[in-house]
Amino acid sequence: MEVTAAAGTRVHAAVLGPREAPEVVCVHGLGCSHRYFLPLARCLAPELRVVAPDLPGFGSTPGPREPLDVRGLSESLAAWLRATARRGAPLVANSAGCQVVVDLAVHSPELLGPVVLTGPTVDRHARSWPRQLARLVRNGARERSALAFVLALDYLDCGPRRIITTFDHLLDDQVERKLQHVRTPAVVVRGSRDPIAPRAWAREVAAALPRGRLAEVPGAGHTLNYSAPQRLAEIITALLRES
């Protein structure tokens, strides 16, 4: 575990892969941590060095008493990227992490390398608690059963108040208005059975990215980094070869 003083806290990040290999930074979703990126990291590690930071308030990284909004999380990510000299590293985000990466492009575009947005949230056509919760429940049956245990540990770490408040911030964040700021090569990835990031929304996100395209993983749900890591790894390495 790598620990760095940044963003007013001590940011913990899991690191896996050869020391001299090119690095990829993974940005987690709501309530999550580096833990659910480990299956993807193992698939990438033969060729790449995978670094998965816990954003403030999540996983092993202490956060402020008041949960951060999307801008606060993206500024924290920016501070960590600068402190660890990872400017321009490829960014692989899942779910709410996609909103953090897109917001990063608004205020610190120089920090972005190629971008992979996996299951991007929040679908602007379903921006409400009831609709998002219904989609989350439907997705549960489409993931590997072990994911529930991993997420339970992460949710215990951050606590219900931080999850609920952060989710309110995510719903308020109009990510679709910021996508034009992501000017690096980008791919939007969704599982074909993902109800949280439906195909129409994923297509809209990809079309709004200046250098974006869409890829779909057949038969998979929302959390591709855990439930379909090998296929996601192939998409990531293909993007990096093209960039």
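The values are calculated or read from the model by the stated rules, or taken from the named source; none is laboratory data. Just so it is clear, the model here is predicted, and its values are computed rather than measured. Cβ sites come from the backbone with ideal geometry, for glycine too, and all protein chains shown count toward neighbours. The accessibility values were calculated without ligands, DNA or RNA, using every heavy atom of the protein model including side chains. Shrake-Rupley method; radii C 1.70, N 1.55, O 1.52, S 1.80 Å.
I'd like to check which helices (runs of 4 or more DSSP H) are fully inside the range 3-121 and have at least 2 residues that are closer than 28 Å to ARG193 by Cα. If you could, list the steps in order and put the result at the bottom.
Numbers: elements: 38-44, 70-83, 96-107.
In the range 3-121, the matching helices (runs of 4 or more DSSP H) lie at 38-44, 96-107.
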Quiz item: Which of (1) closer than 22 Å to CYS26 by Cα; (2) surrounded by 13 or more Cβ atoms within 10 Å (Cβ to Cβ); (3) hydrophobic (A, V, I, L, M, F, W, C) is the odd one out, the single condition PHE149 does not satisfy?
Solution: (2)
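Among the helices (runs of 4 or more DSSP H) contained in the range 171-243, which hold 3 or more residues that are of a type in the set (A, V, I, L, M) and buried (at least 23 other Cβ atoms within 10 Å of the Cβ)?
Values: elements: 199-208, 224-227, 229-242.
Correct list: 229-242.
Which one of these is closer than 19 Å to LEU156 by Cα and modelled with pLDDT of 95 or more: ASP69, ASP103, ASP54?
Details: ASP69 fails: closer than 19 Å to LEU156 by Cα; ASP103 fails: closer than 19 Å to LEU156 by Cα.
Exactly one residue qualifies, and that residue is ASP54.
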Quiz item: Which residue pairs have Cβ atoms closer than 7 Å, lie 6 or more positions apart in sequence or on different chains, and pair a first residue in the range 189-208 that is free of Cβ contacts under 8 Å to residues at least 40 places away in the same chain with a second residue that is polar (S, T, N, Q) and surrounded by fewer than 19 Cβ atoms within 10 Å (Cβ to Cβ)?
Solution: ALA208/GLN180
Quiz item: Scanning the range 2-48 for residues that are at positive phi and over 16 Å from the mean Cα position of the chain (by Cα), which turns out least open to solvent (accessible area, probe 1.4 Å)?
Solution: GLY17
Quiz item: Of (1) touching a His at 6+ places or on another chain (Cβ under 7 Å); (2) open to solvent by 50 Å² or more (accessible area, probe 1.4 Å); (3) under 19 Å from PRO109 (Cβ atoms), ARG82 satisfies all except one. Which?
Solution: (1)
